[in-house]
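Remarks on the structure that follows.
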Amino acid sequence: MTKIDVLLGLQWGDEGKGKIVDVLTPGYDVVARFQGGPNAGHTLEFNGMKHVLHIIPSGIFHKEKVNLIGNGVLIEPCIFRQEIRDLEAKGVDATQNLYVSKKAHLILPTHRMMDAANEQAKGNMKIGSTLKGIGPAYTDKIARNGLRVGDTLSTDFRERYLLLKEMHVRQAQTLGFDLAAFRIDGMSLDEYERQWMESLETLKRFRFVNSEYFINQCLRDDKKVLAEGAQAMMLDIDFGTYPFVTSSNTITAGVCTGLGVAPSAIGKVMGITKAYCTRVGAGPFPTELFDETGRQLCELGHEYGATTGRPRRCGWIDLPALRYACMINGVTELYVTKPDVMNDFEKVCMCISYEIEGQQTDEIPFEYNTVEVKPCLTAYEGWQQSLAGIDAYEALPAKLKSYLDAIEQQTGVRIAAVSISPDRKDVLFK
Ligand code: IMP
């Protein structure tokens, strides 16, 4: 029996997971998503083309690989249908190699409405949600109200759908939400609902499976399986910067509950980090830069959300957060992305510890949201050269290698590879 390898983001998302999965996929037989939903935007670039995936695993472009949407994932049928259409337009027929867990929960149109209603009700405590209905759909899952993919095949599906919808409408009315004015992608709720119902037919073209049996059989058959995380460690519902988090376990433990594999079946844990740091949405971000350097990171790094288009907040790499991520996830190797964004910088900084109320600490405090967390920075000389054309880790500029060495020393985890451009060919293994 083989073990399942895990790949996840160690910061606040957008570390370049989709691209690294795509590069690693040739070494795997199966790629499986275990949590999150269309709040994710995994960007892949190859042959001069850019592809953004939201729900579908990043192995889909390799037609001989099996892709699995696990029980821990949320599926929004309209967004799923659009993804399938986008793939078809690129000549990719996913019906042959995409499997969907019967236990994956559905995002209803009214979950999206409730997301908007909840955010509105929060006033200046807004989370900055992607408004894809993630929080409300996971809430219904935990409250045991949810509808699952397998339920779409049952005769009372519509009845159960209407009951749940009614409940959401009542909740939204209690919050004083203006239902009549609410639009999803420019459509009224009724119009969107029609699209949503139609989209279920696209979903039903795929093979629904008991994914826990499916994945364990793959492992027994010695297939190589990669679990692809979405969002990232610092957005984890338990260990992230609560309440400014997403509503799922984004960590290694989420692989066990989101796919149905035992903890002892976990193999390598590959953690992705940018060479700097970004965050989209509200919440603490101690190393955030509000100056010209922050603006440069945003512009040069094209730091705009793949799902919402929002500009991302940018700052220096945060080692206390990264060490925390390595501890919680049992990271066995690091992948560092986007150092090339800082090619022209005279100096590059790293936050080594925090200062909170005059005390230095290496720990992520419980009071992360409410106290001032000052980053203690160490500056490194910039490498100030283009990385274009470099095709081996050893050939990277010495100053960049010192910076990468410092990340290894600070986390105690070895760097497996560094990615120096959006293209899949520019991942240099150490
Ligand atoms: P939600 O999961 O859409 O409710 O969003 C909750 C928080 O997580 C917000 O701050 C979002 O910006 C953030 N978030 C959700 N998904 C992603 C992602 O894939 N990348 C980066 N941030 C995300």
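The values are calculated or read from the model by the stated rules, or taken from the named source; none is laboratory data. Computed from a predicted model, the values in this text were never measured in an experiment. With ideal geometry, Cβ positions are generated from the backbone for all residues, glycine too; neighbour counts draw on all protein chains shown.
To keep it simple, each residue is scored yes or no on (1) of a type outside the set (A, V, I, L, M); (2) over 26 Å from Leu162 (Cβ atoms); (3) part of a strand (DSSP E or B).
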| residue | (1), (2), (3) |
| --- | --- |
| Phe80 | yes, no, no |
| Glu88 | yes, yes, no |
| Val92 | no, yes, no |
| Lys103 | yes, no, no |
| Met113 | no, no, no |
| Asn124 | yes, yes, no |
Is at least one residue of segment 131-144 within 12 Å of the ligand (Cβ to nearest atom) and at positive phi? yes
Which of the residues spanning segment 307-329 are surrounded by fewer than 19 Cβ atoms within 10 Å (Cβ to Cβ) and in a loop (DSSP other than H, G, I, E, B)? Thr308, Gly309, Arg310
Looking at Asp340, Asp344, which is the one that is away from the ligand (no atom under 16 Å from the Cβ), assigned to a helix (DSSP H, G or I) and modelled with pLDDT of 95 or more? Asp340
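Which is within 10 Å of the ligand (Cβ to nearest atom) and among the β-branched types (Val, Ile, Thr), of Thr273, Thr246? Break it down stepwise before answering.
Working: Thr273 fails: within 10 Å of the ligand (Cβ to nearest atom).
Residue meeting the stated conditions: Thr246.
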In segment 77-97, the residues that are within 23 Å of the chain's Cα centre (by Cα) and small (Gly, Ala, Ser): Ala94
Which of the residues that make up segment 360-376 are outside any strand (DSSP E or B), closer than 21 Å to Ile328 by Cβ and of a type in the set (S, T, N, Q)? Asn369
Please verify whether segment 393-410 includes one or more residues that are loosely packed, with under 13 Cβ neighbours inside 10 Å and touching a strand residue (DSSP E or B) at 6+ places or on another chain (Cβ under 6 Å). no
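Restricting attention to segment 22-61, which residues are aliphatic (A, V, I, L, M), part of a loop (DSSP other than H, G, I, E, B) and in contact with a helix residue (DSSP H, G or I) (Cβ under 7 Å, 6 or more places away or on another chain)?
Within segment 22-61, Ile55, Ile56 qualify.
Among the residues of segment 62-77, which ones are away from the ligand (no atom under 14 Å from the Cβ) and assigned to a strand (DSSP E or B)?
Step one: of segment 62-77, the residues away from the ligand (no atom under 14 Å from the Cβ) are 62-71, 75, 77.
Hits for segment 62-77 are Val66, Asn67, Leu68, Ile69, Ile75.
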Assuming Phe157 fulfils every condition listed in (1) within 23 Å of Phe34 (Cβ to Cβ); (2) surrounded by fewer than 20 Cβ atoms within 10 Å (Cβ to Cβ); (3) touching a helix residue (DSSP H, G or I) at 6+ places or on another chain (Cβ under 9 Å) apart from one, which condition is it? (1)
For segment 200-216, does any single residue satisfy the condition of being within 30 Å of Glu119 (Cα to Cα), among the aromatic types (Phe, Trp, Tyr), modelled with pLDDT of 95 or more and part of a helix (DSSP H, G or I)? no
Of all residues being within 24 Å of Ala325 (Cβ to Cβ) and touching an Asp or Glu at 6+ places or on another chain (Cβ under 7 Å) in segment 411-427, which is surrounded by the fewest Cβ atoms within 10 Å (Cβ to Cβ)? Just the residue, please. Arg414
Conditions: (1) free of Cβ contacts under 8 Å to residues at least 40 places away in the same chain; (2) within 16 Å of the ligand (Cβ to nearest atom). Asp93 meets all but one. Number of the miss? (2)
Could you tell me how many of the residues in segment 249-270 are out of contact with any strand residue (DSSP E or B) (no Cβ under 6 Å at 6 or more places or on another chain), more than 10 Å from the ligand (Cβ to nearest atom) and in a loop (DSSP other than H, G, I, E, B)? 4
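Could you list, in sequence order, all residues of segment 397-424 that are without any contact (Cβ under 8 Å) to a residue 40 or more places away in the chain and either in a loop (DSSP other than H, G, I, E, B) or closer than 21 Å to Lys17 by Cα (or both)?
We begin by selecting, within segment 397-424, every residue without any contact (Cβ under 8 Å) to a residue 40 or more places away in the chain; these are 397-399, 401-402, 405, 409.
Pro397 - this is the single residue of segment 397-424 that is without any contact (Cβ under 8 Å) to a residue 40 or more places away in the chain and either in a loop (DSSP other than H, G, I, E, B) or closer than 21 Å to Lys17 by Cα (or both).
Out of curiosity, is Gly315 at pLDDT 95 or above, within 16 Å of the ligand (Cβ to nearest atom) and closer than 29 Å to Lys102 by Cα? First the steps, then the outcome.
On the way: at pLDDT 95 or above: yes; within 16 Å of the ligand (Cβ to nearest atom): yes; closer than 29 Å to Lys102 by Cα: no.
When the stated conditions are applied, Gly315 does not pass them.
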Can you tell me which condition Val225 does not meet? The list is (1) under 30 Å from Gly271 (Cα atoms); (2) exposed (fewer than 15 other Cβ atoms within 10 Å of the Cβ), and all the others hold. (2)
Restricting to segment 5-59, and then to whatever is charged (D, E, K, R) and surrounded by 24 or more Cβ atoms within 10 Å (Cβ to Cβ), can you tell me which residue is farthest from Thr337 (Cα to Cα)? Arg33
From the set of residues in segment 368-392 that are under 30 Å from Gly283 (Cα atoms) and of a type in the set (A, V, I, L, M), which is surrounded by the most Cβ atoms within 10 Å (Cβ to Cβ)? Val373
